[in-house]
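Undergrad: Would you mind keeping the following structure in view while I ask a few things?
The values are calculated or read from the model by the stated rules, or taken from the named source; none is laboratory data. Here the structure is a predicted model, which means the values were calculated and not measured. Here the Cβ positions follow ideal geometry from the backbone for every residue, glycine too, while neighbour counts run over all protein chains shown.
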């Protein structure tokens, strides 16, 4: 994709040239290093934690167990709202367990050492005594429709039921039905930089400063203040450059208060840098769906019933488990199905807790629905694209209220389909090539924040959109500074914010400095979450810049005796026609000479997206991005190895503010979707211990595993946002995953194999499908 007047990223050279500053680059005087003692059992009672040997290791400064931590730390607060809001149960969870370990790898104690080696040696010397307890590692038995017994119900974190129409009656009387079970393997995020924190307690001022590789500094600040029993204004969080995140670096993880507490106890700065093996502990996305659909000879689907199980690992206060609710609520994605029944059981197991993963639960229903479309097409003898045409929501049906209550605000799904098919062309394997297949997929991704859905519950507090804020100021040198409450975990929204401010003020982007990720400097915001950076954070910047522009024009009008409406801001100056121009640095100094509250040259504005108010329904996601995808694969039937030959995408993220950045976001999402479809899976042994501890076992796609992606755009502006922009951060994961799975299924079907029902499609899985078809 090319676009005129593309701006390079403002910070590109810092990343490419190695001058960017990450958390691990920070080495304050007196620094200690933290290591974590992790449990080795999936489920066990803790009989004792012996720290004597660890305390005698040279260089060990402090060992902290759950018993001592409990005297200093409050329970961890839930992130992203109360669990009851989406039907979840509440649990009291400490940073370090005292009585029971719930998964292999759970933190049991932490050690501070003079250097990383000493801390790790101290952690290795801690001895923990266990009494094993029954562990749940496989949640498939919860697929049963029967009523659960008391023991099984104690494992339910939530049970989500969504109904529209009468799916069972339609299924009972349908001319055609199809029933199939689909599953997605557990996977994780793999940022270049794992999590990291440097905490520094100042006893003299009673203040805590934490430098963190984190998406949401204000949420981290508030969580630390609550757990450590500190006033929020005594906690400062600073986010330096971040080497990627993809949902991993949100608040609610135990190491965050622990590194801070060690700093307070030792009265020295303490650093913790997560290892790759620790990073791979967490994960998400694992789901099992037992689906039945009713359809007619034309391929039109009239009913969908889904029983789903989502094993979210051990209970957690992080946002990860909330993805399960979104997965249920997004059905039936981009399709018009009148009768829908969803029953989703969210099960706590004895594997590590889910953390947030890019896609945030939206990728699973896309995979399920797109596999259904292909299977229905095969059953009635139609092309997969034609079955989709007959079932897609049309533009005149939008806005559309989904069965869950989510409201699709805008889009043109038929146009996306036709455009991607045209862009992809006929294709097909070359003569002499391995057997090949083609797959297509449609995707919708709610963005902008707001997981809850459904009708308003009497007596519950009103749910409103979270705002973003920005301050735009002009100094005496004519430099514009933007302070934003959103953060940039690597996608480059600093460039978008600089461009938006520059456009309103008539200056070059090189005259705009964007500051993010510092709770002492920036106005409050949600950081990086749910693709809000440009659509919501950028809107706040535009409003603040417009206010500042009006102030500059007003001042120039007074100084030049020119009507304000005749003042034009351009080239870093206020132009007043024949009266001449006043450079911004001069204008700023003149304004500052003024008295009263209007003497400042800064403006702060907040913004929240405002979709049309419906008093019957809760506020949920304010805008929906969408996309269509065509994948082509080649398959070696002897080895089961799949090669992705091409992947074409047409994306609708509303108004495209920065084409280069949007394409970069989609390129990354497509690569992630390809990995989830073919190779990426977090594995555990029969005792619940992780076996994917490095990139040797967790097979993320490499550059030479992927083709050059072809990307197009189709804009339908979001009616509920100031800029018309939607999200560009999560779309592509589910669409690429589903299109590739369909392409592999197409190739396998030509070879007489069993249908694709599970991902990832590793070589053993593919050969297993070939063998099953041959029997």
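Undergrad: Go through the stretch 289-306 and count every residue that is under 17 Å from residue 138 (Cα atoms) and either outside the structural domain of residue 683 (by TED's automatic domain parsing) or surrounded by fewer than 22 Cβ atoms within 10 Å (Cβ to Cβ) (or both).
TA: 1
Undergrad: Only residues that are assigned to a loop (DSSP other than H, G, I, E, B) and farther than 26 Å from residue 274 by Cβ: list them for the stretch 648-685, please.
TA: Once the filter is applied, which keeps residues that are assigned to a loop (DSSP other than H, G, I, E, B) and farther than 26 Å from residue 274 by Cβ, the stretch 648-685 yields 653, 655, 656, 657, 658.
Undergrad: Further question: Determine whether the stretch 171-184 contains at least one residue that is surrounded by 11 or more Cβ atoms within 10 Å (Cβ to Cβ), on the phi > 0 side of the Ramachandran plot and not assigned by TED's automatic domain parsing to the domain that holds residue 83.
TA: no
Undergrad: In the stretch 495-525, what residues are under 22 Å from residue 210 (Cα atoms) and either under 24 Å from the mean Cα position of the chain (by Cα) or surrounded by 24 or more Cβ atoms within 10 Å (Cβ to Cβ) (or both)?
TA: Hits for the stretch 495-525 are 514, 515, 516, 517, 518, 519, 522, 523, 524, 525.
Undergrad: Can you tell me which residue among 590, 610 is more than 30 Å from residue 739 (Cβ to Cβ) and out of contact with any strand residue (DSSP E or B) (no Cβ under 8 Å at 6 or more places or on another chain)?
TA: 610
Undergrad: Looking only at residues in the stretch 185-206 that are at pLDDT below 95 and under 30 Å from residue 755 (Cβ atoms), which one is surrounded by the most Cβ atoms within 10 Å (Cβ to Cβ)?
TA: In this case the residue turns out to be 189.
Undergrad: What's the number of the only condition in (1) surrounded by fewer than 23 Cβ atoms within 10 Å (Cβ to Cβ); (2) touching a residue at least 40 places away in the same chain (Cβ under 8 Å); (3) over 25 Å from residue 231 (Cβ atoms); (4) in contact with a helix residue (DSSP H, G or I) (Cβ under 7 Å, 6 or more places away or on another chain) that residue 490 fails to meet?
TA: Evaluating residue 490 over (1) surrounded by fewer than 23 Cβ atoms within 10 Å (Cβ to Cβ); (2) touching a residue at least 40 places away in the same chain (Cβ under 8 Å); (3) over 25 Å from residue 231 (Cβ atoms); (4) in contact with a helix residue (DSSP H, G or I) (Cβ under 7 Å, 6 or more places away or on another chain) leaves (4) as the failure.
Undergrad: What is the residue count in the stretch 690-705 for residues that are crowded, with 16+ Cβ neighbours inside 10 Å and part of a loop (DSSP other than H, G, I, E, B)?
TA: 6
Undergrad: Restricting attention to the stretch 35-49, does a residue exist that is outside the structural domain of residue 346 (by TED's automatic domain parsing) and farther than 29 Å from residue 688 by Cα?
TA: Within the stretch 35-49, not a single residue is outside the structural domain of residue 346 (by TED's automatic domain parsing) and farther than 29 Å from residue 688 by Cα.
Undergrad: What tally of residues in the stretch 431-462 results from selecting those that are over 21 Å from the mean Cα position of the chain (by Cα) and not in a strand (DSSP E or B)?
TA: So the count comes out to 13.
Undergrad: Residues of the stretch 718-775 being in a loop (DSSP other than H, G, I, E, B), more than 28 Å from residue 534 (Cα to Cα) and in contact with a helix residue (DSSP H, G or I) (Cβ under 8 Å, 6 or more places away or on another chain), which ones?
TA: 751, 752, 753, 754, 755, 756, 757, 760, 761, 762
Undergrad: Moving on. Looking at the stretch 614-646 only, could you name the residues that are more than 23 Å from residue 666 (Cα to Cα), assigned to a loop (DSSP other than H, G, I, E, B) and either in contact with a strand residue (DSSP E or B) (Cβ under 6 Å, 6 or more places away or on another chain) or in contact (Cβ under 8 Å) with a residue 60 or more places away in the chain (or both)?
TA: Once the filter is applied, which keeps residues that are more than 23 Å from residue 666 (Cα to Cα), assigned to a loop (DSSP other than H, G, I, E, B) and either in contact with a strand residue (DSSP E or B) (Cβ under 6 Å, 6 or more places away or on another chain) or in contact (Cβ under 8 Å) with a residue 60 or more places away in the chain (or both), the stretch 614-646 yields 614, 615, 616, 618, 619, 620, 636, 637, 639, 640, 641.
Undergrad: If you don't mind, another one. Could you list, in sequence order, all residues of the stretch 228-265 that are touching a residue at least 40 places away in the same chain (Cβ under 8 Å), assigned to a helix (DSSP H, G or I) and surrounded by fewer than 22 Cβ atoms within 10 Å (Cβ to Cβ)?
TA: Of everything in the stretch 228-265, those that are touching a residue at least 40 places away in the same chain (Cβ under 8 Å), assigned to a helix (DSSP H, G or I) and surrounded by fewer than 22 Cβ atoms within 10 Å (Cβ to Cβ) turn out to be 228, 255, 264, 265.
Undergrad: Have a look at 739, 743 and point out the one that is under 26 Å from residue 245 (Cα atoms), buried (at least 22 other Cβ atoms within 10 Å of the Cβ) and either in contact with a strand residue (DSSP E or B) (Cβ under 7 Å, 6 or more places away or on another chain) or not assigned by TED's automatic domain parsing to the domain that holds residue 622 (or both).
TA: Unique residue meeting the criteria: 739.
Undergrad: Can you name every residue in the stretch 706-717 that is within 18 Å of residue 643 (Cα to Cα) and part of a strand (DSSP E or B)?
TA: Passing the criteria: only 710.
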